[in-house]
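Heads up, the thing below is written out as structure tokens.
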Amino acid sequence: QVQLVESGGGLVQPGGSLTLSCAASGSIFRVNDMAWYRQAPGKQRGLVAGITNDGTTRYADSVKGRFSISRDNAKNTVYLQMNSLKPEDTAVYYCYSVLLPSTSSFWRTYWGQGTQVTVSS
């Protein structure tokens, strides 16, 4: 069974930094796109940053220059380095991936369980 397991959330002061990690585990043949989304209370879930398997990245305008996404293909793991955090970055952050399970002929979309990031003094 394929799972995305996130770690690294928590409470941080404004201007601080935090790194999120997400590892895809289980019987996986290939991982394509990996990304981070976030959802604040009363708002829709939206893209924060994404990275393809060839390293092409994309970012929401609100985090450009502050956040950096990277991945370790050997570990099927994606990271989100968050710097200069602001209170408006407070949200539940979800890991997302499109991957091909070893037991399937079709690419499938998976989501992590979410990790809370709170930016507050």
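Here is the figure for region 48-91: residues that are assigned to a strand (DSSP E or B), without any contact (Cβ under 8 Å) to a residue 60 or more places away in the chain, open to solvent by 40 Å² or more (accessible area, probe 1.4 Å) and not aromatic (Phe, Trp, Tyr) total 6. Among the residues of region 6-36, those that are of a type in the set (Ser, Thr, Tyr) and without any contact (Cβ under 8 Å) to a residue 60 or more places away in the chain comprise Ser21, Ser25. Taking region 1-17 as the search range and keeping residues that are open to solvent by less than 30 Å² (accessible area, probe 1.4 Å), outside any loop (DSSP other than H, G, I, E, B) and of a type in the set (A, V, I, L, M), which one is farthest from Phe67 (Cα to Cα)? Residue satisfying both the conditions and the ranking: Leu4. When Phe29 is tested against the conditions (1) assigned to a strand (DSSP E or B); (2) open to solvent by less than 30 Å² (accessible area, probe 1.4 Å), the lone failure is (2). Of the candidates Thr77, Thr109, Thr115, Thr90, the single residue that is under 15 Å from Gly46 (Cβ atoms), in contact with a Ser or Thr (Cβ under 8 Å, 6 or more places away or on another chain) and of a type in the set (S, T, N, Q) is Thr90. Entry remark, region 10-38: residues being under 12 Å from the mean Cα position of the chain (by Cα) and not basic (Lys, Arg) number 11 in total. Ala23 meets the stated requirement of being surrounded by 13 or more Cβ atoms within 10 Å (Cβ to Cβ) and either under 14 Å from Ser7 (Cα atoms) or in contact with an Asp or Glu (Cβ under 8 Å, 6 or more places away or on another chain) (or both). Does region 88-100 include one or more residues that are at pLDDT 95 or above, more than 22 Å from Val119 (Cα to Cα), under 10 Å from the mean Cα position of the chain (by Cα) and among the small types (Gly, Ala, Ser)? Looking through region 88-100, at least one residue is at pLDDT 95 or above, more than 22 Å from Val119 (Cα to Cα), under 10 Å from the mean Cα position of the chain (by Cα) and among the small types (Gly, Ala, Ser). Residues considered: Asp72, Asp89. Of these, the only one that is of a type in the set (D, E, K, R) and under 14 Å from Asp33 (Cα atoms) is Asp72. Taken over region 103-119, the criterion of being open to solvent by less than 80 Å² (accessible area, probe 1.4 Å) and either assigned to a strand (DSSP E or B) or in contact with a helix residue (DSSP H, G or I) (Cβ under 6 Å, 6 or more places away or on another chain) (or both) is satisfied by Thr109, Tyr110, Thr115, Val117, Thr118, Val119.
The values are calculated or read from the model by the stated rules, or taken from the named source; none is laboratory data. What you see is a predicted model, and the numbers here were worked out from it, not measured in a lab. Heads up, the Cβs are rebuilt from the backbone with ideal geometry, glycines too, and the neighbour counts pull from every protein chain shown. Remember, those area values only see protein heavy atoms, side chains included, never the ligands or the DNA or RNA. Shrake-Rupley method; radii C 1.70, N 1.55, O 1.52, S 1.80 Å.
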